[in-house]
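Here is the structure we will look at.
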Amino acid sequence: MDKTIYLIRHCQASGQAPDAELTDVGRMQAQELAVFLQNRQVVHFISSPFTRAIQSIEPAADQLGLPIEIDDRLAERVLSSEELPDWMEKLEQSFGNEELKFSGGESGKEATDRAMEVLNEMKDKTAAVTHGNLLGLLLKQIDESYGFSEWRKLTNPDVYEVEIRDGNVSAARVWS
């Protein structure tokens, strides 16, 4: 089935914890995101259970009078359950090796697989809010040339339009 999906990285947040809220700047970005999505004929919203993701899409859902479906599979990837002072290097390594797994964490492949399940279930004109690492992994799955250097260029928020046509999947950044 042909469909268009919007994959969204959440707006600026006060931290990385699941309950971290949007900053004042993030709240303004969420309003801008709502305006941006108004012209996209979105009919369904789905979000990571993390507060910052839900808050990023609430203004758009409110404007369109649509509920937000929460899906745990869109939660951010856990790189490790331990403090990693060199987490950026570890993350870069994981972009090159999808099976790489750190203590208490998920491999890139495990995170990608759960996120792709959601993507495949999404209806046409769905806007889905997730997190930077998981979004990067999804984009890499769609376009294998997408890597760590592209991930580093993601903004808060960021929006990619994913087109699925005749079994072919493509993604293009549409946020500016």
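Laid out as a table, the results:
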quantity	calculated
Odd one out for LYS125, checked against (1) under 11 Å from the mean Cα position of the chain (by Cα); (2) over 23 Å from GLN16 (Cβ atoms)	(1)
Near pairs, Cβ below 8 angstrom, 6+ apart or cross-chain, from segment 148-171 (more than 23 Å from ALA30 (Cβ to Cβ) and open to solvent by 20 Å² or more (accessible area, probe 1.4 Å)) to any residue that is at pLDDT below 95 and aromatic (Phe, Trp, Tyr)	PHE148/PHE95
Counted residues, segment 34-45 - those being open to solvent by 10 Å² or more (accessible area, probe 1.4 Å) and either part of a helix (DSSP H, G or I) or of a type outside the set (Val, Ile, Thr) (or both)	7
Some residue of segment 46-54 being surrounded by 22 or more Cβ atoms within 10 Å (Cβ to Cβ) and part of a loop (DSSP other than H, G, I, E, B)	yes
Criterion violated by ILE57 - all others in (1) among the β-branched types (Val, Ile, Thr); (2) outside any helix (DSSP H, G or I); (3) within 15 Å of the chain's Cα centre (by Cα) satisfied	(2)
Residue within segment 87-97 that is assigned to a loop (DSSP other than H, G, I, E, B), more than 15 Å from the chain's Cα centre (by Cα), over 23 Å from GLN29 (Cβ atoms) and not aromatic (Phe, Trp, Tyr) present	yes
Of the criteria (1) under 19 Å from GLY136 (Cα atoms); (2) loosely packed, with under 14 Cβ neighbours inside 10 Å, which one SER107 fails	(2)
Qualifying residue in segment 99-106 (condition: free of Cβ contacts under 8 Å to residues at least 40 places away in the same chain, part of a loop (DSSP other than H, G, I, E, B), under 17 Å from the mean Cα position of the chain (by Cα) and more than 30 Å from PRO67 (Cα to Cα))	no
Close pairs from segment 60-80: first within 16 Å of ILE8 (Cβ to Cβ) and open to solvent by 70 Å² or more (accessible area, probe 1.4 Å), partner not in a loop (DSSP other than H, G, I, E, B) and not aliphatic (A, V, I, L, M), Cβ under 7 Å, at least 6 apart	GLN63/GLN38; GLU69/PHE45; ILE70/SER47
Odd one out for ALA127, checked against (1) open to solvent by 60 Å² or more (accessible area, probe 1.4 Å); (2) touching a residue at least 24 places away in the same chain (Cβ under 8 Å)	(1)
Residues being in a helix (DSSP H, G or I) and under 16 Å from the mean Cα position of the chain (by Cα) - total across segment 10-33	4
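The values are calculated or read from the model by the stated rules, or taken from the named source; none is laboratory data. What you see is a predicted model, and the numbers here were worked out from it, not measured in a lab. Please note: Cβ atoms are built from the backbone with ideal geometry, for glycine as well, and neighbour counts cover all protein chains shown. Ligands, DNA and RNA are stripped out before the accessible areas are found, and what is left, the full protein with its side chains, is counted by its heavy atoms. Shrake-Rupley method; radii C 1.70, N 1.55, O 1.52, S 1.80 Å.
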